[in-house]
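Input: a single structure, listed below in structure tokens.
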Amino acid sequence: MAEELFQAYNPQGEPAGSLPKSQGKAGVLHGAAHVWIWRVANGTIEILLQKRVGDKMTWPNFWDISAAGHIDFGEAPLAAAIRETQEEIGLEIAAPDLSLLFVHRTYMIPPNSPIIENGFQWVYGYNPQTTFELTYADGEVSSTMWLPLKDFQKLIVDKMTGQKIVPHGEAYFCSLIEELTRLSDT
């Protein structure tokens, strides 16, 4: 069976051919799509977090983005965002319902893992207008929770006892909070 191919990118964030998954995991520049699902409940912004399963190679049992994943070769970031949301949590989203919040450049080496995350992350927001049911992909997601923005801010600075979130970095989280706050005001 052929190895899965990621979309490679040049340093300017432009598509630059295919990349075997193994090379992407070894730190060759590639891309990912992130979808943060949010809502306003009782006047408070809440963010949907997923908990990664305990046997994931990176960040096991950590809270993370509502849905996220690598961009396949030839796939646009928006298409990857839609695909990953459906695959990981069973939620079908239409392209017009997603807002591109920002694009983030990352370089991260998870502890106790041979994987190097080196890539561009297209970060989208989704504010559902109806309630929905979630189904979790085997081997990906163990649970989800809605977390008020103030509690999310405590979580990202490691002040929620016994809970950990994937450390995407201060610039990433500041941009996310700023954009979600801006969107909730409109």
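What follows is calculated from the coordinates using simple rules that are stated; it is not laboratory data. Quick caveat, the model's predicted, so the values are computed rather than measured. Cβ atoms come from the backbone with ideal geometry, glycine included; neighbour counts cover every protein chain shown.
An oblate overall shape is assigned to the range 130-186, the ratio a/c of its alpha-carbon gyration tensor axes (a ≥ b ≥ c) being 1.5 or greater and a/b not exceeding b/c. Using C-alpha pairs under 8 Å with a sequence gap of at least 6, the mean separation divided by the residue count of the range 80-186 gives a relative contact order of 23 percent. With a cut-off of 18 Å on the backbone N, the residues of the range 114-130 near the modelled label site 7 Å out from Ser99 along Cα-Cβ are 122-130. For a paramagnetic label modelled on Met145 (point 7 Å from Cα along Cα→Cβ), amide N atoms under 15 Å away belong, within the range 49-89, to 49-53, 61-66. Annotation: average projected area of the range 38-78 is 4.2 square nanometres, based on the convex hull of Cα atoms across all directions.
With contacts taken as Cα pairs under 8 Å at a separation of at least 6 residues, the chain carries a relative contact order of 26 percent.
Pairs from the list Lys21/Lys154; Lys56/Lys159; Lys25/Lys150; Lys21/Lys159 with a Cα-Cα gap above 29 Å: Lys21/Lys154; Lys25/Lys150; Lys21/Lys159. When +1 charges are put on Lys and Arg Cβ atoms and -1 charges on Asp and Glu Cβ atoms, the dipole computed for the chain relative to its Cα centre reaches about 520 debye. Residue-normalised convex hull volume from the C-alpha trace of the chain: 127 Å³ per residue. Annotation: amide H of Ala16 within the under-5 Å range of Ala8, Tyr9, Asn10, sequence separation 5 or more or interchain, hydrogens built in the peptide plane.
Our estimate of slack between Glu87 and Thr130, defined as 0.36 nm per intervening residue step minus the Cα-Cα distance, is 13.5 nm. Between Ile116 and Lys159, what is the FRET efficiency for a Förster distance of 45 Å, r being their Cβ-Cβ separation, to the nearest 0.05? With a Förster radius of 45 Å, E is 0.95. Among beta bridges identified by DSSP and lying wholly in the chain, the antiparallel ones come to about 75 percent.
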